[in-house]
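What follows is one structure encoded as structure tokens, with my remarks underneath.
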Amino acid sequence: MKLWHKYIGLILPVLAVAALVAWPFVTGKPANRESAFTILKAVALASSLNILLGYTGYVSFGHIVFYGFGGYIGIYLLTAQEWSLWNAMLAGGLTSGILAFLLGKAILRLRGAYFALATIGVNEAMKAFINNFDLFGGPTGITLNFSVYKAYGGAAQALQTSFYIGAGLALLAVLLSHIVRTSKFGLGLLAIRENEDAAEVMGVVAPNAKTWAYVLSAIIPGMIGVLFFFKNGNVEPHDAFPLHASIELLVMVMLGGQGTVLGPILGAFAYQGMRGYLVTSAFFKNIQLSVSGALLLAIVLFIPAGAIGWLRHRVPMIRRALA
Amino acid sequence: MTILLSLQGVSKRFGGLQALSNVTFDLPEGQILGLIGPNGAGKTTLFNAINGVYPPEEGRVIFRDKDVTRSKPYDHARMGMARTHQIVQPLNELTVRENVMVGACFGHENQHLGNAARIADEVLEFVGLASRVDQLAGSLNVAQKKRLEMARALAAHPYLLLLDEVLAGLNSSEIDGMIQTVLKIREQGVTIIMIEHVMKAVMNVSDRIIVLDYGQQIAEGSPEEIAKDEKVIEAYLGDPKLAEQLLEEE
Amino acid sequence: MQQFSLLLTSLPDGILLGFVYGLAAMGLTLIWGVMNVINLSHGPIIALGMFGTFFLFMRAGVNPYVGLIPIAVVGVLLGVLIYVIAVHRVINAPHLSSLLATFSVNMIIIGLGTAALTTSPYNVDFSAGSFKIGPVTLLGTRLIAALVTMLFTGGLYLFLYRTRPGKFIRAVANNRAAAELMGVPSTRILALSFGLGTMLAMVSGALIATFFPFSILAGGSYELKSFVIGVLGGLGNPIGALFGGLILGVIEGIIPAFLETSWVPVIEFALFVLILLVRPSGLFGAKK
């Protein structure tokens, strides 16, 4: 395979992330930085979820558990143990990965809707447990002391830094997604997605491959969780484990096209863009959730392969560029 | 003569049905073993027992001097066993080449992607699917999907190849092509067990034949011996057309 | 001793609640059993049932139990509508499609409901007295709700086993392709099943409204409980759902005597995942 072939699929995704980072500076509006951060976070989370959902074919309805769990671990270490943001993020990502490894060993045996249900159960059990866990502040959660930001040049500078880190994590998630997609490991995952039994007969060690896919899809959400709650200033059970946000991630992946590197990125742009528009529009503001729901339904019913799938179907020429 | 595969008293039940009882044979390297019997005789079940899809309750499966009775299908694949499915199982949303690369990557040679792509192209050329490498596997017709099954299995460069009715549903010129392919595979030193209903083909290519009926091994021998075996003819009497085909071979 | 007296009040309450949980879960598990769809609009539908009681009783003065009849009828119609619009096209698609399709219905209902009703709590000011049996006091509303649940369970059982459409439903649940070959109008039967499932959810919501304050978001926690119960009783087994509901009720009745109430969901969901892992067919056997 020629070298440029291997990387052509990365061009658009990387450009998209770069455009997001440039956006607030080009427009000069600080508010855009917050919007851009929201989209970067969505890109990172959706691209991570795609490794499990799009490549491996396992529908995780509770993927946000890794974001919340990692976030809690990181914020706890930041406050109670006075760790630096960097170390806390690493710890958050690592513990989320370990959680995914242990969980994966158990629940990845389940297939189809049973797996989806189990992930919901795990998320809810975790939320309920943290709610009772005094070390993490129980129902009130953990609030960062304002002085924490001093080490990062004050609150304003800390926000700015968080934005860059968010961009870095989004880029990392996209790179990881691309590496998995173009690797031998990824080929095994795709085989599992298409037909797990046939894949095993061909020698794919499905239990291990699935577990590692789960782990890889959990690490960056854990890091993003730490970053977000650091920026946010506090973490509570309801913000950390919102089932709703989990499903929004599925929507983004589906919207753009599951199983492709670019799909979740497009989906994150489209979904967050649409939400941003609906929430601020005078006409749709009150029923924005219903409008989103109706749009989602239309997509599920009429273009289930997502935007990328639809395009690839129409224009086979661009198949490789949109891998 | 080295024994590649050895089955010792393999038995398997599904609820009240004794699908396999006490199947025992040794398969020397380089042979083609034909596995025949009426529908429901347990042929595919035997394949599933051999490659770990449904491990047998009793008996042992020895492959390359290792007991693989309780091993998973992927362990078998990685040890050099490959199979095709009676009901084709293409990875629909992957291209034909990618399908075959899975076989090469995860089979016993454990190839990396670059080599796997090269092997895939060779194997697809060999089975006559070279013009379809970039097509999605789901878009192939049934005969092509059967060839794809074969290509995926071959790409692993297995020691033992289990072929489950690769001729079913093919027309006579396709059958001749497939038989040539099977013989060429054997020339490369691959040992083969084939389940087949097309008697002419089994009788022509097999070195040895085992007949299963209701999970029992009712006969075993060279094609000539099998064609004369009373028990075999009796077993097939319920299936007059097959019995006729069988007798024609005498 | 204090634990014992706590238990005497919380356990009967829990058991009676368990009946209604079971009724809600029956709706979810019926739909799963017939068409392998997990209905993620289950929660908002329960909430609609709650508002049904609120408007019929608080605004029109209809007795909440009489109000169950129009609510049930609306439930069947709403379910058929949801099936036709959102579910029918994805009935054979991968699970993700039907999950997202029903979730979009969830979003639509919650969005419209929030716009029309806000998310602040409503309360149905209704009492059916209370009964004292020895040291145990039972609230009338809960007792009647348990009776209504038994009535609906019996009715569902008779419908599924004694009537023609009911037998068709079971046939489709068992093997849709074969049922179609035998001339069962599968699309209509699927729509009817979705209608029945929706009806059961709405009726359970209508009953719950007589116990607790609620908002349009209140169905969410009952939806989650329905998942737990569905798995306990065996997904696809509507009668098992009643037993699952009772088990959950007992758990909710016993735990408060020993632990903080906030531990209840931890134990429920841990149990849920555990049962999925060790016995995915549920304690009472599932469809397949």
Answer residue from the range B:140-151, given it is touching a Pro at 6+ places or on another chain (Cβ under 9 Å) and open to solvent by less than 20 Å² (accessible area, probe 1.4 Å) and is nearest to residue A:203 (Cα to Cα) among those: B:149
Some residue of the range C:231-239 being farther than 22 Å from residue C:40 by Cβ, open to solvent by less than 20 Å² (accessible area, probe 1.4 Å) and either touching a residue at least 12 places away in the same chain (Cβ under 8 Å) or within 18 Å of the chain's Cα centre (by Cα) (or both): no
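Take the range A:200-214 and flag every residue that is farther than 25 Å from residue B:149 by Cβ and either open to solvent by less than 10 Å² (accessible area, probe 1.4 Å) or at the interface with chain B (Cβ under 9 Å from one of its Cβ atoms) (or both).
Taking the range A:200-214 first, the residues farther than 25 Å from residue B:149 by Cβ are A:211-214.
Once the filter is applied, which keeps residues that are farther than 25 Å from residue B:149 by Cβ and either open to solvent by less than 10 Å² (accessible area, probe 1.4 Å) or at the interface with chain B (Cβ under 9 Å from one of its Cβ atoms) (or both), the range A:200-214 yields A:211, A:213, A:214.
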First in the range A:268-292 and modelled with pLDDT under 85, second anywhere and exposed (fewer than 14 other Cβ atoms within 10 Å of the Cβ), Cβ under 6 Å, 6 or more apart: A:288/A:279
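Among B:209, B:195, which is the only one that is touching a Pro at 6+ places or on another chain (Cβ under 9 Å), closer than 23 Å to residue B:170 by Cβ and open to solvent by less than 10 Å² (accessible area, probe 1.4 Å)?
On the way: B:195 fails: touching a Pro at 6+ places or on another chain (Cβ under 9 Å).
On inspection, the qualifying residue turns out to be B:209.
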Only one of A:307, A:323 that is modelled with pLDDT under 90 and not in a helix (DSSP H, G or I): A:323
Hits in the range A:177-199 (condition: over 14 Å from residue A:56 (Cβ atoms) and more than 10 Å from chain B (Cβ to nearest Cβ)): A:178, A:179
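Look through A:300, A:235, A:226 and report the one residue that is at the interface with chain C (Cβ under 9 Å from one of its Cβ atoms) and touching a residue at least 40 places away in the same chain (Cβ under 8 Å).
On the way: A:235 fails: at the interface with chain C (Cβ under 9 Å from one of its Cβ atoms); A:226 fails: at the interface with chain C (Cβ under 9 Å from one of its Cβ atoms).
A:300 is the lone residue from the list that is at the interface with chain C (Cβ under 9 Å from one of its Cβ atoms) and touching a residue at least 40 places away in the same chain (Cβ under 8 Å).
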Unmet criterion (only one of (1) within 14 Å of chain C (Cβ to nearest Cβ); (2) part of a helix (DSSP H, G or I); (3) of a type outside the set (Ser, Thr, Tyr); (4) surrounded by fewer than 24 Cβ atoms within 10 Å (Cβ to Cβ)) for residue A:269: (1)
Test: residue B:111 is in a loop (DSSP other than H, G, I, E, B) and in contact with a Cys (Cβ under 8 Å, 6 or more places away or on another chain): yes
Condition broken by residue A:313, with the remaining ones in (1) over 30 Å from residue A:139 (Cβ atoms); (2) touching a residue at least 40 places away in the same chain (Cβ under 8 Å) satisfied: (2)
Some residue of the range C:85-96 being at pLDDT below 90, under 20 Å from residue A:61 (Cβ atoms), among the hydrophobic types (A, V, I, L, M, F, W, C) and assigned to a helix (DSSP H, G or I): yes
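Test residue A:249 against the criterion of being closer than 21 Å to residue C:98 by Cβ and within 10 Å of chain C (Cβ to nearest Cβ), and give yes or no. Show your work before the answer.
Details: closer than 21 Å to residue C:98 by Cβ: yes; within 10 Å of chain C (Cβ to nearest Cβ): no.
Considered against the rule, which asks whether it is closer than 21 Å to residue C:98 by Cβ and within 10 Å of chain C (Cβ to nearest Cβ), residue A:249 comes out as no.
Given the structure, is residue A:274 within 14 Å of chain C (Cβ to nearest Cβ), more than 13 Å from the chain's Cα centre (by Cα) and in a helix (DSSP H, G or I)?
Working: within 14 Å of chain C (Cβ to nearest Cβ): yes; more than 13 Å from the chain's Cα centre (by Cα): yes; in a helix (DSSP H, G or I): yes.
In short, yes.
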Tabulated pairs, the range C:65-88, first in contact (Cβ under 8 Å) with a residue 12 or more places away in the chain, second part of a helix (DSSP H, G or I) and open to solvent by 40 Å² or more (accessible area, probe 1.4 Å), C-beta under 6 angstrom, 6+ apart or interchain: C:67/C:56
Given (1) within 13 Å of chain C (Cβ to nearest Cβ); (2) closer than 27 Å to residue C:93 by Cα, number of the condition residue A:287 does not satisfy: (2)
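Look at the range C:107-133 and say how many of its residues are touching a Pro at 6+ places or on another chain (Cβ under 8 Å) and within 7 Å of another protein chain (Cβ to nearest Cβ). Don't jump to the end; show me each part of the working.
First, the residues of the range C:107-133 that are touching a Pro at 6+ places or on another chain (Cβ under 8 Å): C:109-110, C:113, C:121-124, C:126.
Right, trim to within 7 Å of another protein chain (Cβ to nearest Cβ) and you get C:110.
Residues in the range C:107-133 being touching a Pro at 6+ places or on another chain (Cβ under 8 Å) and within 7 Å of another protein chain (Cβ to nearest Cβ): 1 in total.
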Checking residue C:206 against (1) within 14 Å of another protein chain (Cβ to nearest Cβ); (2) farther than 27 Å from residue C:3 by Cα; (3) crowded, with 16+ Cβ neighbours inside 10 Å; (4) among the hydrophobic types (A, V, I, L, M, F, W, C), the condition it does not meet: (1)
In the range B:156-177, the residues that are closer than 15 Å to residue B:84 by Cβ and under 13 Å from the mean Cα position of the chain (by Cα): B:158, B:160, B:161, B:162, B:163, B:164, B:165, B:166, B:167, B:168
Selection count, the range B:62-93, where residues are at the interface with chain A (Cβ under 10 Å from one of its Cβ atoms), surrounded by fewer than 21 Cβ atoms within 10 Å (Cβ to Cβ) and of a type in the set (A, V, I, L, M): 2
Residue check, residue C:163 open to solvent by less than 40 Å² (accessible area, probe 1.4 Å), under 17 Å from residue C:30 (Cα atoms) and at pLDDT 90 or above: no
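Find the residue count for the range A:253-266, including only residues that are away from chain C (no Cβ under 11 Å), of a type outside the set (Val, Ile, Thr) and open to solvent by less than 10 Å² (accessible area, probe 1.4 Å). Spell out how you get there, then give the answer.
At the first step, the residues of the range A:253-266 found to be away from chain C (no Cβ under 11 Å) are A:256-257, A:259-266.
Imposing the further condition that a residue be of a type outside the set (Val, Ile, Thr) reduces the set to A:256-257, A:259, A:262-264, A:266.
From what's left, open to solvent by less than 10 Å² (accessible area, probe 1.4 Å): A:256-257, A:259, A:263-264.
So the count comes out to 5.
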Residue that is nearest to residue B:213 (Cα to Cα) [pool: residues in the range B:21-34 that are open to solvent by 30 Å² or more (accessible area, probe 1.4 Å) and assigned to a strand (DSSP E or B)]: B:22
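Which residues, taken from the range B:212-250, are in a helix (DSSP H, G or I), at pLDDT 85 or above and open to solvent by 20 Å² or more (accessible area, probe 1.4 Å)? Can you show your working first?
So in the range B:212-250, the residues in a helix (DSSP H, G or I) come out as B:223-228, B:230-237, B:240-248.
Next cut, at pLDDT 85 or above only: B:223-226.
Across the range B:212-250, the qualifying residues are B:224, B:225.
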Hits in the range C:115-135 - residues which are closer than 12 Å to residue C:51 by Cβ and open to solvent by less than 50 Å² (accessible area, probe 1.4 Å): C:117, C:122, C:124
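Taking residue B:18 as the residue in question, decide whether it is touching a Ser or Thr at 6+ places or on another chain (Cβ under 6 Å) and either outside the structural domain of residue B:207 (by TED's automatic domain parsing) or open to solvent by 20 Å² or more (accessible area, probe 1.4 Å) (or both).
Values: touching a Ser or Thr at 6+ places or on another chain (Cβ under 6 Å): no; either outside the structural domain of residue B:207 (by TED's automatic domain parsing) or open to solvent by 20 Å² or more (accessible area, probe 1.4 Å) (or both): yes.
No: the conditions fail for residue B:18.
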Breaking point among (1) in contact (Cβ under 8 Å) with a residue 40 or more places away in the chain; (2) part of a loop (DSSP other than H, G, I, E, B); (3) open to solvent by 60 Å² or more (accessible area, probe 1.4 Å), for residue B:169: (1)
Candidate set from the range C:1-37 (those that are open to solvent by 10 Å² or more (accessible area, probe 1.4 Å) and in a loop (DSSP other than H, G, I, E, B)); member that is modelled with the lowest pLDDT: C:1
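The values are calculated or read from the model by the stated rules, or taken from the named source; none is laboratory data. Quantities reported herein were computed from a predicted structural model and do not represent experimental measurements. Because the Cβ atoms are built from the backbone with ideal geometry, glycine has one as well, and the counts that use them run over all protein chains shown. Each accessible area value is taken on the protein alone, full model and side chains, heavy atoms only, with ligands, DNA and RNA left out. Shrake-Rupley method; radii C 1.70, N 1.55, O 1.52, S 1.80 Å.
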